[in-house]
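Presented below is the structure to which this report refers.
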Amino acid sequence: MIETVTRKVVANEEELNRDPFTGAPGAHPLGTGAGAASGGVAGAAIGMAVGGPIGSAIGAAVGAVAGGLAGKRAAETVNPTAEEIFWRETYIREPYYVQGRTYEYYAPGFRAGWEGRVRYDGRTFEGVEPELMAEYSLIKTELDPPWQEVRPAARAAWNRVDQNWKA
């Protein structure tokens, strides 16, 4: 007799990224914070150009709110926890994988790819690569590999998000 077993997959509570106010799954405070920071900087620069120091303060506040909302929306499009799990389990099967290199070696490249794909929606990887490389260079530590060594990982993560978005 053949018995069929059905397995129900349940996300761990910490993987749901619940919104602190509504409790709804899918909140990503890092995406919201990153969006708020970049929006605030952009708003301050525009405000300074248009309205001096007062315009800069107003622009920073408005930019932070708008950037935070955009960052939240972007982060909810791609679940960083799910991407991290996927790449941690599959990186050794990638064509650029070098025997003996750990997931942590490639992780900054994966993050740059999936975050960049959301942030630069509507543009190609090649079109935004200079920005991705510059951003990577700003956040990488001395222990992280150079961009050229993690570029294939970034490209793979970019492509994965692109495929999942269109699906």
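No value in this document is a laboratory result; all are computed from the given coordinates. In this text, all values refer to a predicted model and were calculated from it rather than measured experimentally. For neighbour counting, all protein chains shown are included, and Cβ atoms are generated from backbone atoms with ideal geometry for every residue, glycine included.
Miscellaneous remarks
- 5 Å binning of all Cα-Cα separations within the stretch 80-166, expressed as whole percents from 0 upward: 3, 15, 30, 24, 20, 7, 1, 0
- Couplings for the stretch 118-133, taken from phi via the Karplus curve 6.51 cos²θ - 1.76 cosθ + 1.60 with θ = phi - 60°, read 6, 5, 10, 3, x, 10, 8, 4, 4, x, 10, 3, x, 5, 4, 5 Hz in order; Gly and Pro are left as x.
- Point-to-point label distance, Asn159-Ser137, nm (Cα→Cβ direction, 7 Å offset): 2.6
- The value of relative contact order for the stretch 78-167, using C-alpha pairs under 8 Å at least six residues apart, is 40 percent.
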